[in-house]
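Single-structure report; data block below.
What follows draws every value from the coordinates through simple rules; no lab data is involved. Everything quoted here is computed from the prediction, not taken from an experiment. Backbone-built Cβ (ideal geometry, glycine too); neighbour counts: all protein chains shown.
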Amino acid sequence: MSKQDLMRAVVTEVIGCRGCELWKQRRNPVPGEGNVDAAVMFVGEAPGYWEDVKGRPFVGAAGKLLDELLSEIGLSRGDIYIANLLKCRPPENRDPLPDEVEACTPFLNRQIQIIRPRLIVTLGRHATSYILSKAGLPVEGITKLHGRTFNTRILGLQVVVIPTFHPAAALYQLKYKRGLEDDFQIVKLELEKLEEL
Ligand code: URA
């Protein structure tokens, strides 16, 4: 089966998933989207209002900022794959619950195994803590971890993980926006290094 077929199978399962309670309140699940051959994958937290309405990741205000950050380093959505830890919107955008993370992340794991990215950028503390734990690495606060590069193994794959802030946080606080801009420069450098290999 091609990567596209494998990803379509994941999407179909996400649509039919009843693994936690979130499907009851959602309008649309948000499986993820982008280039299945991408070298870089972005992992966010969970759909917000507009993502739930449209069934697509990062299409609200945080998504607009993400697009700007990508464009500053010469990337567009077509160059990356983007998925969230949770595929359904938590009510009032509350934090993901441990049970929800446990029920939903097998989808994300499969997406990572299909895409086989060289680089994973985690957006915010929830995605960061999930991915670093998966790599068997200690989890600290996002303020300490952001912009660091972790050469590690996840799900049998050799990857570089770069944690950064969640773009939604940067909408309210300039320091996070600056942090994201700096961290995206690190993403750019790491991608250039990988291309040289
Ligand atoms: N925030 C996220 O973490 N993911 C989205 O898709 C949108 C906002």
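Quick notes
- Selection count where residues are in contact (Cβ under 8 Å) with a residue 40 or more places away in the chain and either buried (at least 21 other Cβ atoms within 10 Å of the Cβ) or not charged (D, E, K, R) (or both), scope region 160-182: 13
- Selected residue (only one of GLU68, GLU100 is in a helix (DSSP H, G or I), out of contact with any strand residue (DSSP E or B) (no Cβ under 8 Å at 6 or more places or on another chain) and more than 30 Å from LYS188 (Cβ to Cβ)): GLU100
- If the condition is being away from the ligand (no atom under 11 Å from the Cβ) and touching a Pro at 6+ places or on another chain (Cβ under 9 Å), then region 89-124 contributes LEU97, GLU100, CYS104, PHE107, GLN111, VAL121.
- Odd one out for LYS193, checked against (1) out of contact with any Gly (no Cβ under 9 Å at 6 or more places or on another chain); (2) closer than 28 Å to ARG94 by Cβ: (2)
- Hey, GLY55 of a type in the set (Gly, Ala, Ser) and closer than 25 Å to GLU181 by Cα or not: no
- Selection over region 56-65 of residues that are more than 9 Å from the ligand (Cβ to nearest atom), buried (at least 17 other Cβ atoms within 10 Å of the Cβ) and farther than 21 Å from ILE186 by Cβ gives a count of 0.
Let's see how each residue does on (1) among the β-branched types (Val, Ile, Thr); (2) touching a Ser or Thr at 6+ places or on another chain (Cβ under 6 Å):
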| residue | (1), (2) |
| --- | --- |
| ALA103 | no, no |
| ILE112 | yes, no |
| LEU119 | no, no |
| THR122 | yes, yes |
| GLU140 | no, no |
| PRO167 | no, no |
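- The number of residues in region 15-39 that are within 16 Å of the chain's Cα centre (by Cα) and either buried (at least 16 other Cβ atoms within 10 Å of the Cβ) or more than 26 Å from ARG116 (Cα to Cα) (or both) comes to 10.
- Here ARG110, ARG116, ARG94 are screened, and the one residue that is surrounded by fewer than 14 Cβ atoms within 10 Å (Cβ to Cβ) and farther than 23 Å from GLU72 by Cα is ARG94.
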